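Asks: Next up is a structure, given as structure tokens.
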Amino acid sequence: MDLPTLSKAGPLTGPDAAALFDLPRAAPDCRIVVAMSGGVDSSVVAALAAASGAEVIGITLQLYDYGAATGRKGACCAGDDIRDARAVADRLGIAHYVFDHESAFREEVVEQFADEYLAGRTPVPCIRCNMGPKFTDLFRMARELGADCLATGHYVRRVVTTGGTPQLHRAFDPARDQSYFLYGTTEAQLEYLRFPLGGMPKPQVRELAEAAGLRNAAKPDSQDICFVPDGNYAKIVTKVRPEGAAPGNIVHAATGAVLGQHKGIVHFTVGQRKGLEIGGQPEPLYVIGLDAPNREVRVGPKRMLAVNAARLTETNRIGPLPDEPLTAKVRSLAKPVPITLEGPLGDGAAVTIRFAAPEYGVAPGQAAVIYAGERVVGGGWIDSTEKVES
């Protein structure tokens, strides 16, 4: 698809802006709600929406207020970022509303994040946020405002089939692809959602921001977890759940020998090698598992990380299962690997994915996202794994 014309002398122009939103009627007769985090991506989406000729309303959810996070550039949904979103809306001449969702975010995302670590699991709060406060509440607000669609700055593609059914596909720019975090999108949500940046590389998005005269055109991308301002997630967990700092033993998973002590299992995740502080071992050791009730961190050589399969719970499916090979990502930065499904996928059912070759570092609590080529088929939460027999 051709992109809107860039004009260094003024705002975005060009008829292709409207096409990015797949509007049901002529743009001047439509209303677009844009989720604005204060970052450059959602700001460019707002600029594209304004250039389309439709009426545009920007909505920002204030999700947290954790001291240094409120003034840190490159976060989202707090402090300076809300001010940036408001300034962009003023620049574009669109309405902008901020809604306080801090309590819901704390209960549904932050506290669950802490509880998962206490249980010896490795959570993905960005997925929980998308499935909860962000999409659920934003959808309700957008519909109450009479919007024809809800647009976000996610790097993922919404592809409509010849039969008119929308599918979720990976982004054009693989380095920016965020499909892993959106596998929980429902078919009804996908009908209403728009992802105008899914077909663009990031440098082009920044060019669009500069052309529109947006104050955050050069703003750094958000890093780490938004409510963890310094990357120290264990500090947030122990602040919310102080019992997470309870010490325990580091135990060899094969021999049962106690190799050392730790300062809380919340500091560890399956597959971790650094930070064990147990020297003098004949071979490198990794975290093989976490025994939360006994506060044990179990370690072993890399071969003990190998698994044949993973059981997924709370699964979601987007569209019908295709009659073609499937792959799965078990971490956000992992490459998709071939799998087969054993059981139904979707409607919250549990299902087992079996790997074509042993997979390493599969951590309970993470998500497994299933693909058919570029299309996102669905996924679920990793509940348990099946180890490769030694």
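FYI, it's all coordinate maths here, none of it is from the lab. It should be emphasised that the depicted structure is a prediction, and the values quoted were computed from it without experimental measurement. Here Cβ is always computed from backbone atoms with ideal geometry, including for glycine, and neighbour counts include all displayed protein chains.
Asks: Output the 0 to 90 degree angle, nearest 10, between the alpha-carbon long axis of helix 80-92 and the longest principal axis computed from the alpha carbons of the chain.
Replies: 20
Asks: Relative to the Cα centre, what is the charge dipole magnitude of segment 203-299, using +1 at the beta carbon of each Lys and Arg, -1 at the beta carbon of each Asp and Glu, and rounding to the nearest 20 debye? It would help to have the intermediate numbers written out before the result.
Replies: Numbers: 11 positive and 10 negative charges, 43 e Å.
Using Cβ point charges on Lys, Arg, Asp and Glu, segment 203-299 gives about 200 debye.
Asks: Related question: How far is helix 202-211 tilted off the main Cα axis of the chain, in degrees rounded to 10, range 0 to 90?
Replies: Roughly 30 degrees between the two axes.
Asks: Once you put a point 7 Å from the Cα of ALA19 and another 7 Å from the Cα of GLU210, both along the Cβ direction, what distance in nm separates them?
Replies: About 2.5 nm, to one decimal.
Asks: Using only the alpha carbons, work out the radius of gyration and Dmax of segment 316-384 in angstrom.
Replies: 11.0, 29
Asks: Beta carbons within 10 angstrom, averaged per residue: use that to sort the peptides 200-210, 107-117, highest first.
Replies: Numbers: 200-210: 18.2, 107-117: 20.0.
Output ranking for 200-210, 107-117: 107-117, 200-210.
Asks: Which of rounded, prolate, oblate describes segment 166-318, given a ≥ b ≥ c as roots of the alpha-carbon gyration tensor eigenvalues and a/c under 1.5 marking rounded, otherwise prolate only if a/b is larger than b/c?
Replies: Values: a/c = 2.43, a/b = 1.92, b/c = 1.26.
The shape class here is prolate.
Asks: Between rounded, prolate and oblate, where does segment 60-219 land on the alpha carbon gyration tensor, with a ≥ b ≥ c its root eigenvalues, rounded for a/c under 1.5, else prolate if a/b exceeds b/c? Provide the component values of the computation, followed by the final result.
Replies: Values: a/c = 1.41, a/b = 1.07, b/c = 1.31.
Because its axes are fairly even, with a/c under 1.5, segment 60-219 counts as rounded.
Asks: Kindly provide the helix-only [θ] at 222 nm of the chain, computed as the sum of -39,500 (n - 2.57) over DSSP H runs of four or more divided by all residues, to the nearest 500 deg cm²/dmol? Display every interim value, and only then the final one.
Replies: Details: 10 runs with 77 residues, N = 390.
Here the helix-only value at 222 nm equals -5000 deg cm²/dmol.
Asks: Can you tell which of ALA54, ALA245, ALA87 lies farthest toward the positive end of the dipole of the chain, using +1 and -1 charges on the Cβ of basic and acidic side chains (Lys, Arg; Asp, Glu)?
Replies: Positive-most Cα among the choices belongs to ALA245.
Asks: List the extent of the Cα atoms of the chain along each of their three principal axes, largest first, rounded to whole Å.
Replies: 70, 50, 35
Asks: Separation between the ARG143 and LYS202 pseudo-spin-labels, each 7 Å from Cα along Cα→Cβ, expressed in nm?
Replies: Computed distance between label sites ARG143 and LYS202 equals 3.5 nm.
Asks: Any idea which of GLN112, LEU290, THR313 is furthest toward the positive side of the dipole for the chain, if Lys and Arg beta-carbons carry +1 and Asp and Glu beta-carbons -1?
Replies: Highest projection toward the positive end goes to LEU290.
Asks: In whole Å and largest first, what semi-axes does the C-alpha gyration tensor of segment 265-390 yield when each eigenvalue is scaled by 5 and square-rooted? All intermediate terms of the calculation are to be shown ahead of the outcome.
Replies: Working: eigenvalues 174, 44, 28 Å².
They are 29, 15, 12 Å, listed from largest to smallest.
Asks: Of the cross-linked pairs LYS219/LYS239; LYS219/LYS263; LYS202/LYS302; LYS263/LYS387; LYS239/LYS335, which ones have a Cα-Cα span greater than 31 Å in the structure shown?
Replies: On the way: LYS219/LYS239 29 Å; LYS219/LYS263 36 Å; LYS202/LYS302 36 Å; LYS263/LYS387 27 Å; LYS239/LYS335 34 Å.
From LYS219/LYS239; LYS219/LYS263; LYS202/LYS302; LYS263/LYS387; LYS239/LYS335, over 31 Å: LYS219/LYS263; LYS202/LYS302; LYS239/LYS335.
Asks: So for the chain, taking the charge dipole from beta-carbon charges (+1 Lys/Arg, -1 Asp/Glu), which of VAL376, GLY231, GLN167 sits furthest toward the positive end?
Replies: GLY231
Asks: So what's segment 246-319 giving for Rg/Rh, alpha carbon basis, Kirkwood Rh from the mean inverse pair distance?
Replies: Numbers: Rg = 14.4 Å, Rh = 13.4 Å.
Looking at segment 246-319, the ratio lands at 1.07.
Asks: Separate question: Can you give the charge dipole size of segment 318-376 about its Cα centre, rounded to the nearest 20 debye, using +1 on the beta carbon of Lys and Arg and -1 on the beta carbon of Asp and Glu? Write down the numbers at each step before the final one.
Replies: On the way: 5 positive and 6 negative charges, 54 e Å.
So the dipole magnitude of segment 318-376 works out to roughly 260 debye.
Asks: How large is the dipole of the chain about the Cα centre if only Lys and Arg carry +1 and Asp and Glu carry -1, each at its Cβ, rounded to the nearest 20 debye?
Replies: Numbers: 41 positive and 45 negative charges, 165 e Å.
The dipole magnitude comes to about 800 debye.
Asks: Which of the peptides 361-372, 185-196, 93-104 is most tightly packed, and how do the rest follow, judged by the mean count of other Cβ atoms within 10 Å per residue? Could the numbers behind the result be given before it?
Replies: Numbers: 361-372: 23.3, 185-196: 19.8, 93-104: 15.0.
Ranking the peptides 361-372, 185-196, 93-104 by packing returns 361-372, 185-196, 93-104.
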